[in-house]
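The values are calculated or read from the model by the stated rules, or taken from the named source; none is laboratory data. The structure presented is a predicted model; accordingly, all values stated were derived computationally and were not measured. Please note: Cβ atoms are built from the backbone with ideal geometry, for glycine as well, and neighbour counts cover all protein chains shown. Each accessible area value is taken on the protein alone, full model and side chains, heavy atoms only, with ligands, DNA and RNA left out. Shrake-Rupley method; radii C 1.70, N 1.55, O 1.52, S 1.80 Å.
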Amino acid sequence: MLIFVYLFTNSLFLAKYLSRLTDLYPHLIIPYLIILLTLFSFSEKINKRFSTRFLYLSISFATSLLLFLLMHQFNPRDFRIGRYPALLEWLTRFLRGIFPYGGPTRPSGFPFLFLLALPFYLLGDLGVLQIFGFLLFAFILSSKEGRFFSLLLLILSPSFLFEVITRSELFTNMTLVLGYLLLFQKKELAIKKRYSFLYGLLGGLLLATRGIVLFSYLLFFPSHFKGEEKKGIIFLSGLALAFLAVNLPFFLWDADSFIRNGPFSIQTGYLPSLLLPIFFLSALILGLNWKKEKEPYGIIALFLFLIVFLAFLLVIIESGFYPALWGSQFDISYFIFPLPFLLYAISDKKIFNHPFPLPA
């Protein structure tokens, strides 16, 4: 199932953006899929061939340089998407003392997303944020047996390459969330013993980037705090406090604009209000029934994909397939949300025998 999600997502990107170059784009997608399926069949041999960590890290660093050069062959203003202009506009307005929401690009992220990009803005190149995200993901993968093949799939992903050349931040955003969950998994005992509140604060900051992060938390944390409700409440207190501390100053700055033009109104508008509690409860139930000994990243990837796919499907039903994919009715870049979790799950060689693990 994870392999299907990867192939489906990248086929959408090829269909949308190759169609602007040639009418023969369907004939180019088929060879791409055949090449990928062939690579999947040789994944174990590929990982063995590039098994040394030094070689893996060297290739990762060299690729980051190539991605940086590729990125600078394109002007992000030439693409009809809003994230780079939104980052630029939000940070420019903020640093000038102007309320950052409500401008022409209608930034939809929560404030901490833009604050994460602030160091790169001050460096003069917001695109470096995405290169940072690539290197962070490569480092996260470095301890996995199937690291090289997953990295190769990332490099061969049109959705990711499009993120790079448009200087977007979706992949980096979700990679930070993945790294946060992995750190908890690795240091769980120490965190629960001394740092539950502090770790909750860090999680609250990441939640204050995009609302969809909440679903990864619901799928991950309930099983880890099951039977330890007191520690879970301490963790949740830190999470809520950090989320409120980031958003409250902007609400107090201009409550009317923050409510009408801010992230709550824009992000909740992607799905009908009835579906949000359904997704919330479904994720919570899955999270409570998940065995914490099992890695949850595959199911997180599938759940995030389902959310985006359903939003895409609703736009198709309302506006038609052509406006949804080739028009401006839906931003297919949101399909990148599951990608870091998906590739991390695929880096476990057992995933090919159990591509859709469900809680026992």
* Taking the Cα centre of the chain as origin, sum charge times position over the Cβ atoms of Lys and Arg (+1) and Asp and Glu (-1), and report the length of that vector in debye to the nearest 20. => 900
* Structure fact -> Expressed in angstrom and rounded, the centroid-to-centroid distance over alpha carbons for the stretch 66-116 and the stretch 125-142 is 18
* Structure fact -> A 1.4 Å probe over the protein heavy atoms gives the chain a carbon and sulfur accessible-area percentage of 69
* To do: Send over the Kirkwood Rh of the stretch 255-340, from the inverse of the averaged 1/r over different Cα pairs, rounded to one decimal Å.
  => 14.7
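Among K16/K294; K231/K294; K230/K291; K45/K226; K45/K187, which pairs are too far apart, with a Cα-Cα distance over 30 Å?
K16/K294; K45/K226; K45/K187
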* Mind checking which aspartates and glutamates have their Cα closer than 15 Å to the Cα of K144? Skip sequence neighbours fewer than 8 apart in that chain. => E44, E295, D348
* What's the Kirkwood radius of the stretch 48-98 in Å, using all Cα pairs? -> 14.1
* the chain, accessible area per residue, ligands and nucleic acids excluded (1.4 Å, Å²) -> 47
* Structure fact -> Ranking P111, V5, P26 by how far each Cα lies towards the positive end of the charge dipole of the stretch 1-124 (+1 on Lys and Arg Cβ, -1 on Asp and Glu Cβ), the top one is P111
* To do: Enumerate the calculated ³J(HN,Hα) couplings along the stretch 194-208 in order (Karplus 6.51 cos²θ - 1.76 cosθ + 1.60, θ = phi - 60°), each rounded to whole Hz, writing x wherever the residue is Gly or Pro.
  => 10, 10, 4, 5, 5, 5, x, 4, 4, x, x, 5, 5, 5, 7
* Structure fact -> Volume per residue (Å³) of the convex hull spanned by the alpha carbons of the chain is 148
* When N counts the residues of the stretch 210-310, how does its alpha-carbon radius of gyration compare numerically with 2.2 N^0.38 Å, as a ratio? -> 1.22
* **Under Karplus coefficients 6.51, -1.76 and 1.60, residue-wise ³J(HN,Hα) of the stretch 281-286 in Hz, glycine/proline x** => 5, 4, 5, 5, 5, 4
